[in-house]
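Here is the structure we will look at, set down as structure tokens.
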Amino acid sequence: GTTPGTDYVVFAVVLLLSAAVGFYYAWRSRKQGTSRDFLTGGRKLNALAVSMSLTASYMSSVTVLSNPAEVYRYGAIFGYLSISYVLAVVYTSEVFLPVFYRLAINSTYEYLELRFSRATRLLAMVIFFFNALLYTGLVIYAPALALNQGMSARVSNSQICHVLWCLLQGGLKAVVWTDVVQIGIMFAGYMSVIIKCVILKGGISTILSDAQEGGRINFVDFDINPLRRHTFWTLVIGGTFGWSAVYGTYQPQVQRYNSCKTIKHARLALFINVLGLACTLTSSVISGLCLYSFFKNCDPWKAGQVSSPDQLLPYLVMDILADHQGLPGLFFAAVYSASLSTVSTSINAMAAVTMEDLIKPRIKLSEKKLLLISKGLSLFFGIVCVAMAGLASLMGHMMQAVSIIGGVCGGPLLGLFSLGVLCPFVNSKGGLWGLVAGLAAAVSVTIGEIISPSPPEMTRPLSLSTEGCNFSSGGSLNWTTPLPTEPSLYTWQSPSYLYFVVIGGLTAIIVGIIISLLTGKKKRKDFAIGTVISFSYCFITTFCFCSSTHHFRGIEGDGGPEAYANERRHSFLSPV
């Protein structure tokens, strides 16, 4: 068996590699450092390093653990997200990048004051902080969940101390080059699992045929019903809006490509990053199919061996890599690296926003003091993020939680920034009320999802078996079995969680245009454009309502609510 010490050695080497990068950049910039250099890397970074950092900062521990679990439960259709990556990056590089890069701003939200008003900037900043803190809390919680399955969970406590040291010393340059090291470790961790699975199963063809038999190769699903969890349309449309919000408005990502030496490098960094995202998604999908191939006859989650689907991949690692010295350590180092890159990115971004949006406009300080405050802010936000990790344990399945948080916060901001860049007639009142309305719409559908989760026939979880298990799972209900409920015929039906960002974004755009037309100088052309967009929104809303109504009629025709309740009773998976 493995000497546990070997795994800890591998883990420690990863820590030291990352720490070394932070200290190196701190030493290099010890004499000529400004707060701007600390937060933007002095605008001297090249396209390749920034593209890898863009990929690493959003390839979080949630991605490494949750995406394979998502494929395991809902099938490889998840791979359609790769189309949305391309569409989102094209939109970002053509619409947002030229504006942000030429303005040379440290905080994305500076643009909102220049374009709309200070009130709009401050509200957007509050939304950003809410998003960043919750998301970073989830990302810190994920390695604790994984380590709990293998190595000691106490190791996770050293994580933030290390992140803080890295940041306090080197700023954005350290974060970017640490990401470059970490993305290599992440892919090494993924590949160690995939290669071992393929060897044990005697080839990739066995894994694919198992997946085919289990219904996991489910790419042919073009159902336009917006209530369905994963279809071609929800993944491509919802994914495009979601990733456009990330790359077009989310401070950590904008800060990355703004740190490139030229706009050509910035654009190139975005497009190279698409390759990184596609490789990550491919690794996730294959890992998910490997999970199914190994657990098709005995699902550890349903059998109560793990407390969450997000622990399935670490559970598999401890099962198949335990005899290989250091490889479990490499995998857990990969999860840790994914978390480290995202946390360091978020902390650096929050420090930049606080500095540019709250401190600099009000207080005149020397560069030396501003640099010290930047480092102090990084430390403060690091501590707050660790505290937020406690909340993360209450949020359920991590991948969906991340998408919903991103949808609620990112959708309205995407709508607002799009209005600012693409609609010159939209005024400050339109921008502010558009943002408020978009946020209200996104929060409303989220509350609807929490109160009345989507039923199994909309989420379509695929079958999982415990027939081949060698241990008794007991006959009592456990938390994986939903309690029987009698749903009302008029229960709220939530759209796919991937559409939350679409609802928030479109609402912000429509309300922003209407308010601007009502309060500004009306021009026929502007009015015509506004009317067309408003009608489009009304059409989409009506379509969602009709789909929902059609769905209930379908239930009635198939035996009414009683049949629906029976189906819920026999489902082992709680609706997510």
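Annotations
- Largest accessible area first, the residues TYR74, TYR58, TYR24 order themselves as TYR24, TYR58, TYR74 under a 1.4 Å probe with ligands, DNA and RNA left out.
- Rounded to the nearest 10 square angstrom, LYS196 shows an accessible area of 40 square angstrom against a 1.4 Å probe.
- Relative packing of peptides 112-122, 493-503 - highest average C-beta neighbours within 10 Å first: 493-503, 112-122
- Spacing of the two label points (7 Å from each Cα toward its C-beta) at LEU379 and ALA322, in nm: 4.3
- Protection-proxy order for peptides 412-422, 225-235, each taking the mean of Cβ atoms within 10 Å per residue, highest first: 412-422, 225-235
- Net length available on complete extension from ARG43 to ARG28 is 3.8 nm, with 0.36 nm assigned per residue and the Cα-Cα distance removed.
- The stretch 302-364 - accessible surface per residue (Å², probe 1.4 Å): 27
- Put TYR190, TYR80, TYR91 in order of accessible area, highest first, and with a 1.4 Å probe you get TYR91, TYR80, TYR190.
- Two-decimal ratio, the stretch 197-318, of alpha-carbon radius of gyration to 2.2 N^0.38 Å: 1.37
- Spin-label pair THR6-VAL86: with each label point 7 Å from Cα along the Cα-Cβ axis, the two points sit 4.3 nm from one another.
- Checked against a 28 Å cut-off, the cross-linked pairs LYS44/LYS364; LYS173/LYS429; LYS261/LYS360; LYS196/LYS302; LYS264/LYS364 give Cα-Cα distances beyond that limit for LYS173/LYS429; LYS264/LYS364.
- Virtual paramagnetic centre 7 Å along Cα→Cβ of LEU103, amide N under 15 Å, in the stretch 237-253: 248-253
- Temperature 4 °C, viscosity 1.567 mPa s: under these conditions the Stokes-Einstein estimate for the stretch 42-88, based on its Kirkwood radius over C-alpha pairs, is 102 µm² per second.
- Under the simplified labelling scheme, the PHE271-LEU365 pair shows an inter-label distance of 4.1 nm, with each label point 7 Å from Cα along Cα→Cβ.
The values are calculated or read from the model by the stated rules, or taken from the named source; none is laboratory data. Quantities reported herein were computed from a predicted structural model and do not represent experimental measurements. Glycine gets a Cβ as well: all are built from the backbone with ideal geometry, and neighbour counts include every protein chain shown. Heads up: the accessible areas ignore ligands, DNA and RNA and are worked out on the full protein's heavy atoms, side chains in. Shrake-Rupley method; radii C 1.70, N 1.55, O 1.52, S 1.80 Å.
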